[in-house]
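Have a look at the structure below, then the notes.
What follows draws every value from the coordinates through simple rules; no lab data is involved. All values reported here derive from a predicted model rather than from experimental measurement. Because the Cβ atoms are built from the backbone with ideal geometry, glycine has one as well, and the counts that use them run over all protein chains shown.
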Amino acid sequence: MKKSKPLYETAVMQTLNQHVSVRSFKDKPVSDEMLNAALNAARRSPTSSNMQTYSIIVVRDQEMKKKLSVLAGGQRHVADCPVFIGFLADTNRVSVACQMHDQTLTDSLEMTLVSTVDATLVGMSVQTAVESFGLGAVMVGGMRNKPQAVADLLQFPSGVYMVFGMSLGWPTEDAVSGALKPRLPEPLVIHRELYSQDDPRPLIKEHDAELAVHYGNQNRNQHPAAWSGFIAKSLSSPSRSDLRPTLEGMGFRFD
Ligand SMILES: Cc1cc2nc3c(=O)[nH]c(=O)nc-3n(C[C@H](O)[C@H](O)[C@H](O)COP(=O)(O)O)c2cc1C
């Protein structure tokens with residue numbers, strides 16, 4: 001008898017359900033044809049009011065990737081990947097469009113959020129598209145460590161910053177052979193009709209234990225409260241505290 005396909009098991013679902021961030025890559029090129037197919041499919045992503053306030057920058061040059069790797073805090077995969085992609089919030093082009101009609105773009109927090117969301121959506125679509133080809137990728141928020149230096153290096157005009165990057169390539173076997181990283185229990189993140197009033201602590205503890213086992217299996221020495229302990233440690237002191245004035249200097253507003 002023919003085995004029936006599990007319900008809702010589409011190619012997209014398979015790709016999403018197998019996602020794992022990949023940080024080590026084979027020495028094997030990614031063709032322009034394959035990359036362009038992913039980038040152009042991702043350009044079908046929805047965008048706020050059709051403003052398309054994002055840009056994508058593709059970097060293959062080894063010296064440039066090395067410099068970007070340093071700016072990302074020494075993340076080796078940025079230098080070692082065959083292709084690095086930057087996802088940029090870009091209000092420069094809409095500013096030009098305004099000028100074409102003798103108007104001036106009114107920068108605002110809303111424009112900052114819209115452009116950041118647009119860049120993020122297209123970045124997520126690229127990740128899904130490339131993973132569907134069997135490529136591996138990891139997003140690189142470390143590109144916000146030094147946004148002005150990244151902008152100078154890649155010659156961004158005013159009104160453009162890199163929201164995050166993506167190291168991309170063919171994954172090494174060990175990068176995709178392990179268990180998927182567990183996620184928070186569903187009731188903590190999916191609320192039905194009203195935001196849940198339940199105490200989140202028991203389920204957070206459950207996740208701490210599950211993640212500790214996951215890290216243990218990878219021989220990664222972790223705090224027993226693997227999730228909440230990490231969160232408490234990393235979020236209790238300010239991170240990138242100069243981000244706002246830096247982005248303001250680059251043409252983004254927060255009011
Ligand atoms: C916006 C964003 C920025 C990220 N930045 C980094 C980064 O700078 N370096 C890194 O190694 N991983 C980075 N990651 C990957 C996350 O650490 C990863 O998605 C998370 O730990 C879950 O693991 P998984 O994707 O393998 O399931 C980033 C992910 C996102 C969504």
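The table for this structure:
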| item | result |
| --- | --- |
| Globularity ratio of the range 99-249, using Cα Rg and 2.2 N^0.38 Å | 1.34 |
| CD proxy at 222 nm, helix term only [per DSSP H run n ≥ 4: -39500 (n - 2.57); per residue of the chain; nearest 500] | -12500 deg cm²/dmol |
| Hydrodynamic radius by Kirkwood, which averages 1/r over all alpha carbon pairs of the range 109-197, in angstrom | 16.1 Å |
| Kyte-Doolittle mean at least -0.5, axial Cα span of 27 Å or more - DSSP H helices of the chain | 109-132 |
| Dipole magnitude of the chain, debye to nearest 20 (Cβ charges: Lys/Arg +1, Asp/Glu -1, about Cα centre) | 600 debye |
| Rh by Kirkwood over Cα pairs, then Stokes-Einstein D for the range 12-177 at 0.692 mPa s and 37 °C, µm²/s | 201 µm²/s |
| Burial ordering of Cys81, Cys98, fewest other beta-carbon atoms within 10 Å first | Cys98, Cys81 |
| The range 182-237: Cα Rg divided by the 2.2 N^0.38 Å rule of thumb | 1.25 |
| Reach of Lys205 by Cα under 14 Å, taken over aspartates and glutamates that are not fewer than 8 positions away in the same chain | Glu186 |
